[in-house]
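No lab work stands behind these numbers, since they all come straight from the coordinates. This is a predicted model, so every value here is computed, not measured. We place every Cβ from the backbone using ideal geometry, glycine too, and count neighbours over all the protein chains shown.
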Amino acid sequence: MSLSNLSNELVTSLFQPLIISELSNQSIIDKVKSDAANYSKLKLLAQQAQFLKSQIDSVIQEGILNNNLHEIPCRFKKISGNFYYLYQKDNQQYYFSMLSPDDWNHKPPHTFIAKYLYDFDKCFRIIS
């Protein structure tokens with residue numbers, strides 16, 4: 001399921017802290033803190049929620065990066081499993097090449113940015 005197919009309410013609920021609205025009342029917080037077992041459970045769940053939030057953010061950032069990389073000009077057909085090299089011209093324009101800096105005897109015509117594996121899921125994986 002793509003993110004665009006999710007309802008706005010579901011997406012919003014994924015990004016909002018799960019327990020802040022429930023625990024905004026100070027008396028509820030005090031009661032939970034007095035029960036060590038439940039407090040420990042809630043603390044663990046809060047840590048897991050934070051971890052999931054960071055994972056969601058990471059997936060979104062990776063998706064944005066891959067989308068941007070797919071928009072970079074390329075004068076050849078990208079084949080899964082191959083390495084491609086990202087360069088930047090003096091006019092700030094990016095392009096992919098099949099030639100590594102080593103192929104240019106470490107003197108490429110433009111600034112080398114990074115080496116990517118074009119993986120079998122059609123996503124770029126940074127190598128260096």
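For the range 27-81, the fraction of C-alpha pairs farther apart than 19 angstrom is 58 percent. Mean projection of the Cα convex hull over all viewing directions, computed for the range 43-128: 7.3 nm².
Find the eigenvalues of the gyration tensor of the Cα atoms of the range 82-126, then list the square roots of 5 times those eigenvalues as equivalent ellipsoid semi-axes, largest first, in whole angstrom.
Ellipsoid half-lengths, sorted descending, are 20, 13, 6 Å.
For the range 75-93, list residues with backbone N below 14 Å from a point placed 7 Å from the Cα of residue 114 toward its Cβ? Output list for this probe position: 84-88. Summarising the label geometry, the points placed 7 Å from Cα in the beta-carbon direction at residue 34 and residue 99 lie 7.5 nm from one another.
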